[in-house]
Amino acid sequence: DDDDDDDEFMREYRAQRMAEMQSAVTFGSVVDITRDSFVEEVTTPSAERVVVVFMTRQGCSDCETMDAALRALAPKYPRTKFCRIPHRECVPNYPDRLTPTLLVYTNKDVAKSFATLAPFGGPHMTPEGVEFALREVDARACPSLADETEQEIETRRAAYIAGVIARIADSKALNDVADDDDD
C-alpha cells in the first residue's frame, strides 16, 4: 500500500511539474510558420497562452512596419507566441488590400482579427499601439500592463499618442522637403 501511495504521489508530482514547465515556455521572437504547421504552432498552444498570427505579404511596406513592431514586442512579452505566415499560405485568395492582418488566438480560436494598420494608427502606428490593442483583446498578451496603475497606463497612452504625433510631423516635414525639391 505504501508503494502504491508513493507511486501515486510521484505521478501527481510529475504531472504538476510538467504543467508548470509547459506554462513557463517562453518565445521572445517572431516565429515563421507554414499552413501545415498552423495547428501545431497556433491552435494547440493557444489553449495555454495568447498566440498572435501575423499574416504578411512580401513587398508590402505596411507589413514591414507591422513586422518591426512585432519584433519589438516579442522579446518584451516572451510568454506570448508571435508567428508570421504569408497571407495566401494562411488563407488562399486572401485579399492583398487587407494585409497586414493580425489574428489573436486564445482558447484554440480567433479572439480578434485586425486588418491593415488602420486599427493601430495607420502608417504612423507604433509598437505601443499594437501592444494596447493586444492588451484589450486579452491581458495575458501583454502581462506587464496588468500590474500598472491607471495613472501609469494613462502615461503610456500619452506617450503612444505623442509618438504618433511625432511620426506624423516627421512625415509631413519629409513631404514638405520633397515638395520644395520639386520646385
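Readers should treat all values here as calculations from the given coordinates under stated rules, not as data from a laboratory. These numbers come from a predicted model, not from an experiment. Note that each Cβ is placed from the backbone with ideal geometry, even for glycine, and that neighbours are counted across all protein chains shown.
Assorted remarks:
- With Rh defined as the Kirkwood radius, the inverse of the mean 1/r over Cα pairs, the Rg/Rh of the range 20-118 is 0.96.
- Each peptide among 61-69, 127-135, 4-12 gets the average number of other Cβ atoms lying within 10 Å of its residues, and from highest to lowest they stand as 127-135, 61-69, 4-12.
- For the range 23-81, alpha-carbon Rg relative to the globular expectation (2.2 N^0.38 Å, N residues): 1.15
- Size of electric dipole in the range 49-89: Cβ of Lys, Arg +1 and of Asp, Glu -1, about Cα centre, debye, nearest 20: 280 debye
- Cα Rg over Rh - the chain, Kirkwood: 1.12
- In this rough spin-label picture, where each label sits 7 Å from Cα along the Cβ direction, the ASP6-GLU40 distance is 3.9 nm.
- Assigned charges on the beta-carbon of Lys, Arg, Asp, Glu; the range 28-116 dipole about Cα centre (debye): 240 debye
- Taking Cα centre as origin and charging only the Cβ of basic (Lys, Arg, +1) and acidic (Asp, Glu, -1) residues, the dipole magnitude of the chain rounds to 700 debye.
- Members of LYS76/LYS172; LYS76/LYS108; LYS76/LYS112 lying beyond 27 Å, as alpha-carbon distances in this model show: LYS76/LYS172
- Per-residue Karplus couplings for the range 123-140, computed as 6.51 cos²θ - 1.76 cosθ + 1.60 with θ equal to phi - 60°, are listed in order as x, 9, 4, 10, x, 5, x, 5, 4, 5, 5, 5, 4, 5, 6, 7, 4, 5 Hz, Gly and Pro entered as x.
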